[in-house]
Amino acid sequence: MDERLKERLQVLQEAELDTLAVRSGQVRTMEGEHAEPIFLTSSYVFDSAESAAARFDGSEPGNVYSRYTNPTVRTFEERLAALEGAEAAVATSSGMAAILSTCIALLKSGDHILCSRSVFGTTTVMFTKYLGKFGIETTFVTATDAAAWKAAIKPNTKLLFLESPSNPLSEIVDITAMAALAHQHGAWLVVDNVFCTPALQKPLALGADLVVHSATKYLDGQGRCLGGVVAGSKVLVDEVLAFIRSAGPTMSPFNAWVFLKGLETLRLRIEAHSANALTLAQWLSQQEKVEKVFYSGLPDHPGHELAKRQQRAFGGVLAFRVRGDKAAAWRFINATRLVSITANLGDVKTTIVHPATTTHGRLSQEDRDIAGITDNLIRVAVGLEDIEDLKADMLRGLSVL
Ligand SMILES: Cc1ncc(COP(=O)(O)O)c(C=O)c1O
């Protein structure tokens, strides 16, 4: 390694988030390219049979096969680890692959997961339907009820899992308290940091053991690619990595490159998303036909003070209940013209969705009731369009109620 590169790596050790977002993890090739290249190769050539054997048995460092390592994917992993303040990170083909790989790598039959009720619907399905099939049981508790978390701990509880802020009601969970609870019982705390990203919240610094992401959302930021990542201590990430190498839910190098470009503007985007969402939440809460707005940036939200302590801003996702029933919520959504009716979020383009019949449609009515996903609830993932144009589109929705 040349002197300048060695010293640059040292400088990066001390660097701040904005610098890490554009610089960390990059190793230039002999071509001297300025931007990160995409290594679209499934395998790598060895100098000799001896070298091939040494790469395979691990005695010689270097690439072997892209299910194991890929330079573009590695740059993304190192950059994300730097942003989350993690020792290591491993990339996956999607956010769900990150969650599944974490659970399969760390848990075994007979173990118990304690999970917030307010997590992404597919996570709930995966835990109950699929992990349950292999003897891993899950108990769901109200995200913000610390006593319920404590009461639900069992001797075989190995993993606590939560999202904060939650989707779609913006519930805020005290990550420091949950980490303490997990560790007191010899369990790990895994936090899905999709809604904040490391630009707003660093769960590892608050005591979590692992962070998982759907890179598909704000890390990309422009709705292009699917991907995921798991970050944390090297010991735990190595366990997940070993599973991924065997099972194959690896990130594609092209997607890793897209995410690298996304990370470069992450903080700027998430702050702009947060500013637009706050203004829209304040405006919606003044509208007669809106029953209630859920956004932790509003002072009357129960998680407001905790969100201020735990996060740098409140994020881009808000939800609101219109006065009326499911038909009214659907009429509102159908009357919009600018925003996109789609379940994705974390995009520069604003999206709108009816959670009860889409993202949370697979939950039972009872579970939806407990989680507060009522039929008149609408979720908006606020993008970067002009705020006045967004308000005008919401007015189109309000005008048909
Ligand atoms: C909070 C959260 N976690 C995980 C996922 C799953 O990510 P992916 O769609 O990349 O598999 C999503 C997707 O919407 C999500 O919103």
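Looking only at residues in segment 232-249 that are within 30 Å of ILE270 (Cα to Cα) and either in a loop (DSSP other than H, G, I, E, B) or hydroxyl-bearing (Ser, Thr, Tyr) (or both), the one that is nearest to the ligand (Cβ to nearest atom) is PRO249. Taken over segment 165-199, the criterion of being within 14 Å of the ligand (Cβ to nearest atom), at negative phi and either part of a loop (DSSP other than H, G, I, E, B) or out of contact with any helix residue (DSSP H, G or I) (no Cβ under 9 Å at 6 or more places or on another chain) (or both) is satisfied by PRO165, SER166, ASN167, PRO168, LEU169, GLU171, VAL173, ASN193, VAL194, PHE195, CYS196.
Looking across segment 54-76, just one residue is closer than 15 Å to SER93 by Cβ and of a type in the set (D, E, K, R), and that is ARG67. Just so you know, in segment 352-387 the residues that are assigned to a loop (DSSP other than H, G, I, E, B) and in contact with an Asp or Glu (Cβ under 8 Å, 6 or more places away or on another chain) include one that is nearest to LYS217 (Cα to Cα), and it is GLY383. Among the residues of segment 204-225, the ones that are within 13 Å of the ligand (Cβ to nearest atom) and surrounded by fewer than 18 Cβ atoms within 10 Å (Cβ to Cβ) come to 2 in all. Residues SER116, SER93, SER109: which one is touching a Leu at 6+ places or on another chain (Cβ under 6 Å) and either buried (at least 18 other Cβ atoms within 10 Å of the Cβ) or of a type in the set (Ser, Thr, Tyr) (or both)? Residue meeting the stated conditions: SER116. Look at (1) within 23 Å of ALA21 (Cβ to Cβ); (2) within 12 Å of the ligand (Cβ to nearest atom) and you find that LEU162 fails only one, number (1). Taking the conditions (1) touching a residue at least 40 places away in the same chain (Cβ under 8 Å); (2) surrounded by fewer than 17 Cβ atoms within 10 Å (Cβ to Cβ); (3) farther than 24 Å from LEU80 by Cβ in turn, LEU306 satisfies each one other than (2).
Quick grid of which residues meet (1) out of contact with any Gly (no Cβ under 7 Å at 6 or more places or on another chain); (2) within 20 Å of ALA371 (Cα to Cα); (3) among the hydrophobic types (A, V, I, L, M, F, W, C):
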{"site": "ASP300", "(1), (2), (3)": "yes, yes, no"}
{"site": "ALA307", "(1), (2), (3)": "yes, yes, yes"}
{"site": "GLN310", "(1), (2), (3)": "yes, no, no"}
{"site": "ILE341", "(1), (2), (3)": "yes, no, yes"}
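Here is the figure for segment 111-132: residues that are more than 14 Å from the ligand (Cβ to nearest atom) and in a strand (DSSP E or B) total 3.
Filtering segment 261-274 for residues that are farther than 24 Å from ILE38 by Cβ and outside any helix (DSSP H, G or I) leaves an empty set.
The lone criterion from (1) buried (at least 16 other Cβ atoms within 10 Å of the Cβ); (2) assigned to a helix (DSSP H, G or I) left unmet by ALA53 is number (1). Pairs are defined by a Cβ separation below 9 Å, a sequence spacing of at least 6 or placement on different chains, a first member in segment 273-289 that is under 16 Å from ALA381 (Cα atoms) and among the β-branched types (Val, Ile, Thr), and a second member that is modelled with pLDDT of 95 or more and surrounded by fewer than 21 Cβ atoms within 10 Å (Cβ to Cβ); the pairs so defined are THR279/ILE387; THR279/LYS391. Being within 16 Å of the ligand (Cβ to nearest atom) and either within 19 Å of LEU395 (Cα to Cα) or surrounded by fewer than 22 Cβ atoms within 10 Å (Cβ to Cβ) (or both) holds for only one residue in ALA343, ALA335, ALA329, and it is ALA343.
The set of residues in segment 62-87 that are hydrophobic (A, V, I, L, M, F, W, C), crowded, with 20+ Cβ neighbours inside 10 Å and not in a helix (DSSP H, G or I) contains only ALA86. Scanning segment 33-49 for residues that are loosely packed, with under 14 Cβ neighbours inside 10 Å and either touching an Asp or Glu at 6+ places or on another chain (Cβ under 6 Å) or hydroxyl-bearing (Ser, Thr, Tyr) (or both) turns up SER42, SER43, SER48. Determine whether VAL229 is within 20 Å of SER166 (Cα to Cα) and either assigned to a strand (DSSP E or B) or modelled with pLDDT under 95 (or both). Yes.
The values are calculated or read from the model by the stated rules, or taken from the named source; none is laboratory data. Nothing here was measured: the structure is a model prediction, and the numbers come from that model. Here Cβ is always computed from backbone atoms with ideal geometry, including for glycine, and neighbour counts include all displayed protein chains.
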